[in-house]
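Reading through the structure tokens given below for one structure.
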Amino acid sequence: MAAERRAFETALLAVLEDSGLDEDDDALFDAWGAAQPGTGDDEENR
């Protein structure tokens with residue numbers, strides 16, 4: 001079962017990368033981070 005899940009996740013990530021949808025998400029999160037300084041989940045805010 002774990003191997004099937006891993007294969008599915010790998011295929012899903014490949015489709016998302018090929019479609020460009022992951023870039024849209026990156027832009028959304030970057031815009032949020034710029035609008036909300038100090039509220040991100042990165043190392044410097046911990």
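The values are calculated or read from the model by the stated rules, or taken from the named source; none is laboratory data. As the structure is a computational prediction, the values presented were derived from the model and not from experiment. Here the Cβ is made from the backbone with ideal geometry for all residues, glycine too, and neighbour counts use every protein chain on show. For the accessible areas, the whole protein counts, side chains as well, though only heavy atoms, and no ligand, DNA or RNA atoms are used. Shrake-Rupley method; radii C 1.70, N 1.55, O 1.52, S 1.80 Å.
Summary table
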item: Checklist (1) modelled with pLDDT under 85; (2) open to solvent by 100 Å² or more (accessible area, probe 1.4 Å) applied to residue 40, failing item; result: (2)
item: Condition met for residue 23 (surrounded by 10 or more Cβ atoms within 10 Å (Cβ to Cβ), modelled with pLDDT under 85, part of a helix (DSSP H, G or I) and out of contact with any helix residue (DSSP H, G or I) (no Cβ under 6 Å at 6 or more places or on another chain)); result: yes
